[in-house]
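This report refers to the structure that appears directly beneath it.
The values are calculated or read from the model by the stated rules, or taken from the named source; none is laboratory data. What you see is a predicted model, and the numbers here were worked out from it, not measured in a lab. Cβ atoms come from the backbone with ideal geometry, glycine included; neighbour counts cover every protein chain shown.
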4 protein chains.
Amino acid sequence: MRLGMIGLGRMGGDMSRRLLADGHEVVVYDLSEAAVGALAAAGAHPARSVEDLVAQLSAPRVLWLMLPSGTVTESAFGEALAALSEGDVLVDGANSHWKDSCERAERAAKRGVHFVDAGVSGGVWGLREGYNLMIGASPEAFGVLEPALKSLAPAGGYAHVGPAGSGHFVKMIHNGIEYAMMQAYGEGFEALAAYPHAELDLHQIARLWTRGSVVRSWLLELAARALEKDVRLADVRAYVDDSGMGRWTVLYGVEAGVPMAAISAALFARFSSRQTDSFAAKLAAALRNEFGGHALHRLPEGEREVE
Amino acid sequence: MRLGMIGLGRMGGDMSRRLLADGHEVVVYDLSEAAVGALAAAGAHPARSVEDLVAQLSAPRVLWLMLPSGTVTESAFGEALAALSEGDVLVDGANSHWKDSCERAERAAKRGVHFVDAGVSGGVWGLREGYNLMIGASPEAFGVLEPALKSLAPAGGYAHVGPAGSGHFVKMIHNGIEYAMMQAYGEGFEALAAYPHAELDLHQIARLWTRGSVVRSWLLELAARALEKDVRLADVRAYVDDSGMGRWTVLYGVEAGVPMAAISAALFARFSSRQTDSFAAKLAAALRNEFGGHALHRLPEGEREVE
Amino acid sequence: MRLGMIGLGRMGGDMSRRLLADGHEVVVYDLSEAAVGALAAAGAHPARSVEDLVAQLSAPRVLWLMLPSGTVTESAFGEALAALSEGDVLVDGANSHWKDSCERAERAAKRGVHFVDAGVSGGVWGLREGYNLMIGASPEAFGVLEPALKSLAPAGGYAHVGPAGSGHFVKMIHNGIEYAMMQAYGEGFEALAAYPHAELDLHQIARLWTRGSVVRSWLLELAARALEKDVRLADVRAYVDDSGMGRWTVLYGVEAGVPMAAISAALFARFSSRQTDSFAAKLAAALRNEFGGHALHRLPEGEREVE
Amino acid sequence: MRLGMIGLGRMGGDMSRRLLADGHEVVVYDLSEAAVGALAAAGAHPARSVEDLVAQLSAPRVLWLMLPSGTVTESAFGEALAALSEGDVLVDGANSHWKDSCERAERAAKRGVHFVDAGVSGGVWGLREGYNLMIGASPEAFGVLEPALKSLAPAGGYAHVGPAGSGHFVKMIHNGIEYAMMQAYGEGFEALAAYPHAELDLHQIARLWTRGSVVRSWLLELAARALEKDVRLADVRAYVDDSGMGRWTVLYGVEAGVPMAAISAALFARFSSRQTDSFAAKLAAALRNEFGGHALHRLPEGEREVE
């Protein structure tokens, strides 16, 4: 099939390549001319603008946005919606919030355009192994899009999970689970590293567990790769960023009344990893000094925080 | 190779079968004559007692205990140790506590017997797919045992992780990770089940995620199997037993100073699942009534707990 | 001083009484004529409408809303704002969200009205012991209001904590702390109740700890009261409602990157207390059955949930 | 009454002073002659050894050990028990583990000596405000001891909570609650410190809340004291020691099947406060790099940990 791709960063670029490799025609656009040029060299049709891209498609047009979520996606969504016509399909593959996707679906529906929210998992491995695709869409739009999904995903790796909004919702929960799984392995390997009677080979154990244990998983295979390079992760800083979907998952849990002890533990562990000085811990230390006379660990003069 | 197996329950029986299928000679003993008979019918050499079993082996004898941990294993360990000779190898494949295994290794060493602690993962799937084996042993004992390990495990699925004690330690941590992974999926699927705009097909999503998503794992494949049978788990009771290794993991974390927020959350969720009436929640409800006049949910007369 | 009170439920009624008892003039209004009548009998000036109430005040008018947060407060705020004039003071004493209060302050400022958000703690004990008042306001508005605050609070029990919005913010955090403290006592008393060697007298211990222990607090005094009535809380159901401020606190923590392990644990424990059947626990039970063959606790036919 | 005190550190010294001030005769012994001399100057009878101290008492002798728990207490317990006679009372006021106390009670009973375990709360404030005393004892021993308890405690601040062992058990749970309360305040004040619209005065808020709010407590009064000295705790290090009773509480919870989400959260937060580099966080960072290509925060060359 023929479709348009807006956003040629790592994800959008690799997805375009995977589509091209499977015989699809992809019209591509990005603010970066270099990115457009690179894809054109790989066989894509370059476009000079959103309008130009839309003009190179024919009804029902399929346009996939693969941009950072938030204002960038919002602005491209508006521009794309204005350029599309009744019966066209507009896909958002970003990690957008599912409530925003529900709203965009309504705005698109007013113009007769089918909005599709595609949760995409696979990261840097997707080009080679395929992307896992969680699709929120009307049945019609899903049908139009399916040939592309088949090429993007590994066998069985895409599904129509529900109406618009549910694709991003399912992806959000997927990422929440991912946080807690990473925390599970993190706690376990930290415990192994603290074994008192021998220095255990963490890489060997990670690799071993990938072969037939109950905890085998793809994340564990990646842990084995990371530990192979540096078995005690000696030069990795214990600083964990988050791109927001774990937060959204916990926010949803709080709103929906779903207990999320493990997912929130993982999220809060990330927050803690980024703190140089926890105020909660300062207060606990100060209280122990107040009631029990326990010594305070005072900061050396030079290291005090500047307010 | 030729080895003895004491304990022919599901695990010991299946492991004997897998060894027989790969050409080993297995001398078997169990208190249940029926269990011994069944294995004999499958090609094993039956023994009438521990002594009889030991008499059917030749030096260096290899004897594998596959019994419930605790007093049963302790008693069989003592009996077996008395019957073995210098240079023999005595394996405990139970979920024994690693500190007990360290101690047993010392007791065995005094008699010149090599003690091996084998952490075994694989459950009911092990017969077909192989067991994941985490071996704590001296290098000599590991060498003697390796042919059997090779047959029991899938490719790459066994390893010598350290001296005696470390096999059960690594298995304990494995199970701790397993608890937290189960909690991760549990929270995620509960969140999916609460999606406000549509009834999501939990089986479809579980199966989908097994194909290329970041959270794919063997546990997720099992979740897909369970949800295929009963997509809302309508007739499964929310009551989760524990066989003790998650507790041990948390106890170890507390002793070793390793934060275990996610693993302990999973453990405490199991405890909560078994409570009909949390006293902590009763007190919280009573306090809200005391300070805020919030209504108490009183139990109907007939349902009050009998003290 | 003279001020108007809109909302004569338990909180607004008791606060009016406390103000009257200290010599203030209070003009009162409520949709319930009975409530207005009761306060009039206690010395208040009855009003028949918001307009009538405003007409009975003189500049700078002070009008206190003591209504359920959400739509009721929003609607009364709009009506009151329309009736007030430049330089008047409009107080919201509800448990409103601090972001709404920030916004209302801006709307009021456009009409020259001072908006004040008053976090009020004290519950059913406030009439007798005084209310703890956390005031977000401009310095001018705080000055106008202070005589009333002095009467409402116990000695030292009110403060100007910052600009509009901060009063409700501080109250929200106060309630988050309250959740975690209740959970702290709940876990402790549940542990005491499980002492294996004797049945400990929980009322005696609660009362004892109120006299000089490190954990003494007002909540502990209330726990002692509750346990005095019913030492095992035999007829209190383990079902804990929440009125939303604990949720807001966790939502804020997630947004602000503040780890909230204990407060979220308390919130999630409340959620769990209200579940008859945790889906996360169902899935964990099903998974144990899948990988280990562990028996499921199936629900008796008659008790299965209706989907 | 007349009693012996062994151990004249801060706790034992202050308790002896409080007993002397209320008219009791106290025979004191400590390895430090200076400590004995200081108490003698304050009116106590000095002893040169445990035997000498016992010789200065008359039946039924009352001997109070106020020493560090563990080997020091164990050794003094053995020595004291040997020196005492049938009907005497031997008190351990240390933070000993309750299971040790149960065992010591049995050993003492074999010699006809009453063992008493006294949980003591009050810290550096006890001398002035009195100690909160949780007494595990036989009724006879409690009766003998009561005059001293009455002097040591504030009004109502001592109680006979059960048989030997229960005193230290109740104290252990008391400290577990204390951990979670400290965490509750810690999270709350950290949240206040992060308020986005103004720098809130944490000392003012702590002090305010002590006057009539639902979260008022003695710990909050101490927080107000600490924040008065240094409102942002700028020179307190976020490093929280633990003296072991929080760990014991969680270990007990795990053994007894009591969910301890908040208390364990507080314990794990202390562990985290002492880590410079969490291995769990390192692994999470490494995994994000593996699956998503997210940048690693590598340590500068000079700061890498030495293995």
Worksheet item: Which of the residues spanning the stretch D:103-126 are hydrophobic (A, V, I, L, M, F, W, C) and surrounded by 21 or more Cβ atoms within 10 Å (Cβ to Cβ)?
Response: D:ALA105, D:ALA108, D:VAL113, D:PHE115, D:VAL116, D:ALA118, D:VAL120
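If you check B:LEU57, B:LEU67, B:LEU63, which single one turns out to be under 20 Å from B:ASP22 (Cα atoms), in contact (Cβ under 8 Å) with a residue 60 or more places away in the chain, surrounded by 15 or more Cβ atoms within 10 Å (Cβ to Cβ) and more than 14 Å from chain C (Cβ to nearest Cβ)? Don't jump to the end; show me each part of the working.
Details: B:LEU57 fails: in contact (Cβ under 8 Å) with a residue 60 or more places away in the chain; B:LEU67 fails: under 20 Å from B:ASP22 (Cα atoms).
Result: B:LEU63 is the single residue among B:LEU57, B:LEU67, B:LEU63 that is under 20 Å from B:ASP22 (Cα atoms), in contact (Cβ under 8 Å) with a residue 60 or more places away in the chain, surrounded by 15 or more Cβ atoms within 10 Å (Cβ to Cβ) and more than 14 Å from chain C (Cβ to nearest Cβ).
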Practice prompt. Provide a single number: the residues in the stretch B:74-108 that are more than 21 Å from B:PRO139 (Cα to Cα) and touching a strand residue (DSSP E or B) at 6+ places or on another chain (Cβ under 6 Å).
Written response: 2
Practice prompt. Please tell me if D:GLU129 is outside the structural domain of D:TRP248 (by TED's automatic domain parsing) and more than 17 Å from the chain's Cα centre (by Cα).
Written response: no
Item to complete: Determine, yes or no, whether D:GLY136 is assigned by TED's automatic domain parsing to the domain that holds D:VAL26, under 30 Å from C:HIS174 (Cα atoms) and at pLDDT 95 or above.
Response: no
Worksheet, complete the sentence: Taking the stretch A:1-12 and keeping residues surrounded by 22 or more Cβ atoms within 10 Å (Cβ to Cβ) and under 15 Å from A:GLY37 (Cβ atoms) leaves A:MET5, A:LEU8, A:GLY12
Practice prompt. State all residues of the stretch C:221-237 that are farther than 17 Å from B:ASP277 by Cβ, in contact (Cβ under 8 Å) with a residue 24 or more places away in the chain and surrounded by 15 or more Cβ atoms within 10 Å (Cβ to Cβ); if no residue qualifies, say none.
Written response: C:ALA223
Worksheet, complete the sentence: Of the residues in the stretch B:127-152, those that are surrounded by fewer than 24 Cβ atoms within 10 Å (Cβ to Cβ) and within 11 Å of chain A (Cβ to nearest Cβ) come to B:ARG128, B:GLU129, B:GLY130
Discussion item. Cβ contacts < 9 Å: first residue of a type in the set (Lys, Arg), restricted to the stretch D:283-297; second residue surrounded by 20 or more Cβ atoms within 10 Å (Cβ to Cβ) and not in a helix (DSSP H, G or I), any location; separation 6+ or different chain. Result?
Written reply: D:ARG288/A:VAL240
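Okay, residues lined up against (1) of a type in the set (Lys, Arg); (2) within 22 Å of C:ARG128 (Cβ to Cβ):
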residue: C:PRO147; (1), (2): no, yes
residue: C:LYS150; (1), (2): yes, yes
residue: C:TYR158; (1), (2): no, yes
residue: C:ALA164; (1), (2): no, no
residue: C:VAL170; (1), (2): no, no
residue: C:GLY176; (1), (2): no, no
residue: C:GLY186; (1), (2): no, no
Discussion item. Given the options C:LEU251, C:LEU233, C:LEU192, name the one that is on the phi > 0 side of the Ramachandran plot and among the aliphatic types (A, V, I, L, M).
Written reply: C:LEU233
Practice prompt. Identify, by number, the condition in (1) under 23 Å from the mean Cα position of the chain (by Cα); (2) part of a helix (DSSP H, G or I); (3) not acidic (Asp, Glu) that A:ALA38 doesn't meet.
Written response: (1)
Practice prompt. Output the qualifying pairs, or none if there are none: Cβ atoms under 9 angstrom, residues six or more apart or on different chains, first residue in the stretch A:192-204 and at the interface with another protein chain (Cβ under 7 Å from one of its Cβ atoms), second residue of a type in the set (Lys, Arg).
Written response: A:ALA193/A:ARG232
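Mind listing whichever residues of the stretch D:271-287 are among the charged types (D, E, K, R) and more than 7 Å from chain A (Cβ to nearest Cβ)? Explain how you work it out, then say what you get.
The first filter runs over the stretch D:271-287 and keeps only residues among the charged types (D, E, K, R), leaving D:274, D:277, D:282.
Hit for the stretch D:271-287 is D:ARG274, nothing else.
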Worksheet, complete the sentence: Within the stretch D:257-272, residues touching a helix residue (DSSP H, G or I) at 6+ places or on another chain (Cβ under 7 Å) and free of Cβ contacts under 8 Å to residues at least 60 places away in the same chain come out as D:GLY257, D:VAL258, D:PRO259, D:ALA261, D:SER264, D:PHE268, D:SER272
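Conditions tested, residue by residue: (1) within 19 Å of the chain's Cα centre (by Cα); (2) of a type in the set (D, E, K, R).
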residue	(1), (2)
A:LEU202	no, no
A:TRP209	no, no
A:ASP242	yes, yes
A:ARG247	yes, yes
A:LYS282	no, yes
A:HIS297	no, no
Worksheet item: In this structure, is D:VAL161 among the β-branched types (Val, Ile, Thr), within 14 Å of chain A (Cβ to nearest Cβ) and either free of Cβ contacts under 8 Å to residues at least 60 places away in the same chain or in contact with a Lys or Arg (Cβ under 9 Å, 6 or more places away or on another chain) (or both)?
Response: no
Fill in: Checking C:ILE263 against (1) more than 24 Å from B:GLY186 (Cα to Cα); (2) buried (at least 17 other Cβ atoms within 10 Å of the Cβ), the condition it does not meet
(1)
Worksheet, complete the sentence: Exactly one of C:ARG48, C:ARG104, C:ARG17 is in contact with a Ser or Thr (Cβ under 9 Å, 6 or more places away or on another chain) and modelled with pLDDT of 95 or more, and that residue is C:ARG104
